[in-house]
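Here is the structure we will look at.
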2 protein chains.
Amino acid sequence: MLLATDALVAGVDADLRLTGLADFGWKALAVNLSDLAAMGGQPGHAVVSVIGASVAQLEELYDGLLEASARFGCPIVGGDLSSGAELVVSVAVTGWVEGSPVLRSGARPGDSIWVTAPLGAAAAGLRLLRDQGSVAAGSELAKAHARPQPALAEGRAARLAGATAMVDVSDGFLADLSRIAESSGVGFQLSALPVARGATRDEALQGGDDYVLAFTMPPGSDPRPAFSRAGLRPPYAIGTCTEDPGERVFRGEPVAPQGWRHKM
Amino acid sequence: MLLATDALVAGVDADLRLTGLADFGWKALAVNLSDLAAMGGQPGHAVVSVIGASVAQLEELYDGLLEASARFGCPIVGGDLSSGAELVVSVAVTGWVEGSPVLRSGARPGDSIWVTAPLGAAAAGLRLLRDQGSVAAGSELAKAHARPQPALAEGRAARLAGATAMVDVSDGFLADLSRIAESSGVGFQLSALPVARGATRDEALQGGDDYVLAFTMPPGSDPRPAFSRAGLRPPYAIGTCTEDPGERVFRGEPVAPQGWRHKM
């Protein structure tokens, strides 16, 4: 049994001048499901607390919540409404995993590092929405920002393949990979990074909200057959875990997470 | 498996000039456990989202959260922190029940109505804190307001005794009993109401935050032996469910829930 929670605050976790309330509702559930995905788990049920929404706002929010609920098979079984000055949507989800969940703490020096998809799309989408407004709204990049997809099938495949540690890219790729490094007591050397079409290298390294999974594998272990068996695109090998817990290297150069702070 | 969520907003659900942040944290978990109690369930685990707290505030909040967690046997297994303009604590809890949970919808005309304890203490405590400030802080009534106790053992006893419907008194006794009436399609006639020492009749009828349980029993069924077996004080028989779903009568007079709106 898994249990996760994540709260989104309007103006902090989403700029409602750029994306809609239905997107906000979708995201509130999707980010929680992404927490399950990062453990290799599957969704159970969700409960939702909404604070500071008018009746009209609540309807729009729930449009997106229910779309995500149907799309990812996670029924919303309860909730709570409160008044408040600020719009907040707090979701908690149960989930389950056959066997053991993948933690952040299991990476060892010599483990290979993988990501399930190219990075930076959500950050590029946010940039386009800011620069071009509604002109950009229909683009794939804007959708990556507005309607993140929890990588549930990928997380399960990585777990079945024997992943030693896993995290979802929510705060920024380097920041989130650093969480594995800190929890596991390893460093990392990255040799490559797949960048989403239309995104910059910096958006891929530092941008958040992609909800791509990053995971580590024991030396010599290849996760691609498990992904293939599940009908998924192969993950990308991007580097290696190292002995020095302070090491953060990308293509021979030291790098530091800049902290995509969810600030809009 | 049960899953419940409740969010508390500072200034709405608690006046932090009257009670402390540790009390706020305690209450945030306790009200969720009370939701489980009202189904006859027992606590599993909790996750906590905190929005808009400073580090110092967070420590105090968690003092109370962890006290309640230890007191009621509900480990906090995860959480989430967000920035925000307003202090919000959103908790979700899992729980479990052997057999079927008690719902609000199972009351039938002729069922007897019971409460697990005298009512009005929390509302009286709030009144004392407002009128007398810190002078009142140590009193039993002020504690009933600041540190509500989820009636977990009582809810279990009522379920084992065969309760047909149950609710916890959070928004006000008449308002919460009306939820059973609405969900079950019954009315009610109340002949008695135990009032907490120091509380007024109106505080008992309309005041919220008592977290006493109200439940219904099939005609002729007595819940008191089950409470006695569990080492609990006997519940109070206070009235009967009636055929007319609009009926709300206390000692022969129509009454209406005034809606204790959690407004401080």
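The values are calculated or read from the model by the stated rules, or taken from the named source; none is laboratory data. The structure presented is a predicted model; accordingly, all values stated were derived computationally and were not measured. A quick note on method: Cβ atoms are made from the backbone with ideal geometry, for glycine too, and the neighbour counts reach across all protein chains shown.
Worth a mention:
- Inspection of region B:124-136 finds no residue satisfying the criterion of being closer than 30 Å to A:T5 by Cα and either modelled with pLDDT of 95 or more or away from every other protein chain (no Cβ under 14 Å) (or both).
- Taking the criterion of being modelled with pLDDT under 95 and under 17 Å from the mean Cα position of the chain (by Cα), the residues of region B:8-19 that qualify are B:V12, B:D13, B:A14.
- Index of the failed condition, B:I51 passing every other in (1) hydrophobic (A, V, I, L, M, F, W, C); (2) over 18 Å from B:P150 (Cβ atoms); (3) buried (at least 22 other Cβ atoms within 10 Å of the Cβ); (4) more than 14 Å from chain A (Cβ to nearest Cβ): (4)
For (1) touching a Leu at 6+ places or on another chain (Cβ under 9 Å); (2) farther than 13 Å from B:D111 by Cβ; (3) of a type in the set (S, T, Y); (4) not in a strand (DSSP E or B), each residue gets a yes or a no:
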| position | (1), (2), (3), (4) |
| --- | --- |
| B:D210 | yes, yes, no, yes |
| B:A226 | yes, yes, no, yes |
| B:G231 | no, yes, no, yes |
| B:V249 | yes, yes, no, no |
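- The requirement of being of a type in the set (A, V, I, L, M, F, W, C), part of a helix (DSSP H, G or I) and closer than 23 Å to A:L65 by Cβ is not satisfied by A:L160.
- Screening region B:5-15 for residues that are touching a Ser or Thr at 6+ places or on another chain (Cβ under 8 Å) and part of a strand (DSSP E or B) and picking the one that is farthest from the other protein chains (Cβ to nearest Cβ) gives B:L8.
- Qualifying residue in region A:51-59 (condition: closer than 26 Å to A:D210 by Cβ, modelled with pLDDT of 95 or more and out of contact with any Asp or Glu (no Cβ under 8 Å at 6 or more places or on another chain)): no
- Taken over region B:42-85, residues that are in contact with a helix residue (DSSP H, G or I) (Cβ under 7 Å, 6 or more places away or on another chain) and not in a helix (DSSP H, G or I) amount to 9.
- Failed condition for B:A68, given (1) under 26 Å from B:A161 (Cβ atoms); (2) buried (at least 24 other Cβ atoms within 10 Å of the Cβ); (3) more than 14 Å from chain A (Cβ to nearest Cβ): (1)
- Per the conditions (1) within 25 Å of A:G239 (Cα to Cα); (2) under 12 Å from the mean Cα position of the chain (by Cα); (3) not basic (K, R), the sole criterion not satisfied by A:H145 is (1).
- Across region B:73-103, the number of residues qualifying as among the acidic types (D, E) and within 21 Å of the chain's Cα centre (by Cα) comes to 0.
- Filter result for B:P219 (touching a helix residue (DSSP H, G or I) at 6+ places or on another chain (Cβ under 9 Å), of a type outside the set (A, V, I, L, M, F, W, C), at pLDDT 95 or above and not in a strand (DSSP E or B)): no
- For region A:78-106, the tally of residues that are in contact with a strand residue (DSSP E or B) (Cβ under 8 Å, 6 or more places away or on another chain), surrounded by fewer than 24 Cβ atoms within 10 Å (Cβ to Cβ) and away from chain B (no Cβ under 11 Å) stands at 6.
- Being more than 14 Å from chain A (Cβ to nearest Cβ), crowded, with 18+ Cβ neighbours inside 10 Å, modelled with pLDDT of 95 or more and over 23 Å from B:D176 (Cβ atoms) holds for only one residue in B:A37, B:A22, and it is B:A22.
- Contact map, region B:56-73: first residue farther than 18 Å from B:K143 by Cα, second residue assigned to a helix (DSSP H, G or I) and among the aliphatic types (A, V, I, L, M), Cβ cut-off under 7 Å, separation 6 or more or different chains; pairs are B:Q57/B:L21.
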